[in-house]
Amino acid sequence: MYFQFITSITDIDRDQWNRIAGTDYPFTRFEFLAALESSGATNSESGWQPLHLVAKTDDDELLGLVPLYIKTHSYGEYVFDWAWADAYHRNGIQYYPKLLTAIPYTPATGPRFCFSDDLAEPHQLELQVEMTKTIKEQAQKIGASSWHCLFPEYPHAQRLEEAGFALRQGCQFHWYNRDFTSFDDFLATFNSRKRKNLKKERQKVHAQNVQLIRCEGRDISREHWQKFYEFYQLTYLKRSGHDGYLTGDFFETLGRTMPEHLMMVQAFADDKLVAAALCFKSSTHLFGRYWGCREEFDSLHFEACYYQGIEYAIEHGIQCFDPGAQGEHKIQRGFTPTATWSSHWLADERFDNAVRDFLQREQPGVEQYMIETAELLPFKQE
């Protein structure tokens with residue numbers, strides 16, 4: 001067995017990559033990561049230079065892989081380390097470049113260390129240890145200050161903690177399917193006042209003569225993609241002053257290469273497409289990712305981004321709906337506080353110790369926040 005760092009995912013055969021990364025979780029699929037590269041979202045100019053680690057047998061059979069990037073900034077990560085970078089700068093030390101194992105622009109928990117199904121679990125654990133050592137060595141070789149793994153599944157985060165990483169807890173708000181048979185069945189779990197509020201919100205959209213349609217996969221036309229990207233850019237400009245990290249080509253490429261993972265909620269007013277929300281899906285999860293609109297309609301964002309997703313998940317037996325990062329407004333709509341994780345290793349022992357101390361002091365506050373927000377959920381008291 002040997003390890004290899006690759007500077008483009010296209011250096012690996014697509015089928016081999018997907019055999020290791022799997023094809024259910026959409027964001028480690030070859031097609032998703034390749035679309036980011038080909039559209040210019042992940043390259044040296046964007047500050048997301050691919051440096052994926054792969055483990056191969058002597059006859060070049062893929063055994064494992066880790067998505068990895070050289071980062072020259074901290075944008076598009078959703079786990080904030082700007083204060084750490086500032087501390088380095090104030091002490092005359094470079095924080096960038098750093099190494100990052102994450103899905104670019106995508107705060108969705110999922111696999112970050114991927115292994116061949118032919119490897120028994122003890123061998124997968126051994127390989128993760130060796131891959132971890134190899135990436136640390138590479139970080140020191142290229143002068144990277146640190147290595148961070150964002151939104152891993154908890155077992156992998158635990159293994160990284162055992163390997164010397166600091167563990168950081170975060171919080172998102174996810175919806176969970178309790179074997180609901182309909183949206184009304186879900187609403188029946190709300191207390192009376194919160195149930196009435198939510199129904200009024202949905203009625204507002206209907207009263208504005210807005211029609212919502214859920215469109216999947218190859219039924220999303222090129223015209224739909226062009227309109228969606230227009231909405232995406234407009235929303236980013238309003239919110240952030242720039243037109244977004246991703247390109248129209250990125251979205252249209254996904255429509256061609258992995259349509260089975262896509263669902264778009266489309267909002268029409270007077271037969272004109274005025275807003276859209278794009279979701280990704282696996283067999284167990286729905287991921288709300290991007291939203292955009294041309295015209296403002298009262299409560300349309302909540303309908304398109306949350307309620308339509310919940311209805312879709314119930315209809316298709318999907319167990320969890322992850323609508324994205326942040327957003328306390330999700331709580332009253334039935335989204336439960338859910339722990340997320342990240343793992344951090346800093347090469348400089350002084351800063352590593354300081355970060356560990358900070359994270360130890362931060363975690364009780366995160367845990368208390370989750371307790372307090374859970375008390376605001378709209379469900380009936382049992």
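Nothing in this text is a laboratory measurement; each read-out follows from the coordinates by a stated rule. For clarity, every value in this text was computed on a predicted model and none was experimentally measured. Positions of Cβ are backbone-derived with ideal geometry, glycine not excepted, and every protein chain shown enters the neighbour counts.
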Do any trypsin sites (Lys or Arg not before Pro) in segment 101-209 lie in a DSSP loop with no more than 15 other beta carbon atoms within 10 Å, and if so, which? Arg178
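Dipole magnitude of segment 124-256 about its Cα centre, charges +1 at Lys/Arg Cβ and -1 at Asp/Glu Cβ only, in debye to the nearest 20?
Details: 21 positive and 17 negative charges, 186 e Å.
It works out to roughly 900 debye.
Could you tell me the relative contact order of the chain? Use alpha-carbon pairs under 8 Å, at least six residues apart, and round to a whole percent. Before the final figure, lay out each step's value.
Values: 665 pairs, mean separation 74.7, N = 382.
Relative contact order of the chain: 20 percent.
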Candidate cut points under GluC sites (Glu not before Pro) in segment 222-300, DSSP loop plus at most 16 other Cβ atoms within 10 Å of their own Cβ, are Glu295, Glu296
Rounding to the nearest 10 and keeping the result within 0 to 90°, find how far the Cα-based axis of helix 349-374 lies from the longest principal axis of the chain. 20 degrees
Within the chain, the percent of DSSP beta bridges that are antiparallel, given to the nearest 5, stands at 90 percent
In degrees, nearest 10, the alpha-carbon axis of helix 121-142 is tilted away from the dominant principal axis of the alpha carbons of the chain by 70 degrees
Of [x] 61, 45, 44; [y] 85, 43, 37; [z] 61, 49, 39, which is the value of Cα extents along the principal axes in Å derived from the coordinates here? [x]
Under 27 Å from Lys56, Cα to Cα: lysines that are on another chain or at least 8 residues apart: Lys71, Lys98, Lys133, Lys136, Lys141
Among the DSSP beta bridges whose two residues both lie in segment 260-322, what percent are antiparallel, rounded to the nearest 5? 85 percent
Label-point gap, in nm, between His123 and Arg202 - each point 7 angstrom along Cα→Cβ: 5.1 nm
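Relative to the Cα centre, what is the charge dipole magnitude of the chain, using +1 at the beta carbon of each Lys and Arg, -1 at the beta carbon of each Asp and Glu, and rounding to the nearest 20 debye?
Values: 39 positive and 54 negative charges, 279 e Å.
In total the dipole reaches around 1340 debye.
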Within the chain, excluding any chymotrypsin sites (Phe, Trp or Tyr not before Pro) found in a DSSP loop (not H, G, I, E or B) and having at most 16 other Cβ atoms within 10 Å, the longest uninterrupted segment runs 81-382
Too long for a 32 Å Cα-Cα cut-off, among Lys238/Lys330; Lys227/Lys380; Lys204/Lys227, are Lys227/Lys380
What is the Cα centroid distance between segment 216-280 and segment 41-99, reported in whole angstrom? 28 Å
Only bridges whose two residues both fall in segment 64-187 count here: according to DSSP, what percent of them are antiparallel, nearest 5? 55 percent
log₁₀ of I(q)/I(0) at q = 0.30 Å⁻¹ - segment 59-115, Debye sum with one point per alpha carbon: -1.25
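Summing -39500 (n - 2.57) over the DSSP H runs of n ≥ 4 in the chain and dividing by its residue number, what mean residue ellipticity at 222 nm do you reach, to the nearest 500 deg cm²/dmol? Walk me through the intermediate numbers first.
Numbers: 11 runs with 142 residues, N = 382.
Counting only the DSSP helices, I get -12000 deg cm²/dmol.
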Rounding to the nearest 20 debye, state how big the charge dipole of segment 216-270 is about its Cα centre with +1 on each Lys and Arg Cβ and -1 on each Asp and Glu Cβ. 160 debye
Under a Gaussian network model of the chain whose springs join Cα atoms within less than 10 Å, the largest fluctuation of Gln140, Gln49, Gln332 belongs to Gln140
Between the residues Ile371, Gln381, Gln203, the Cα farthest towards the positive end of the dipole of the chain, that dipole coming from +1 and -1 charges on the beta-carbon of Lys, Arg, Asp and Glu, is from Gln203
For segment 242-382, divide the Cα radius of gyration by the Kirkwood radius and give the resulting Rg/Rh value with two decimals. 1.05
Karplus couplings for segment 247-258 from phi (6.51 cos²θ - 1.76 cosθ + 1.60, θ = phi - 60°), rounded to Hz, Gly and Pro as x? 10, x, 5, 4, 5, 5, 5, 4, x, 8, 9, 9
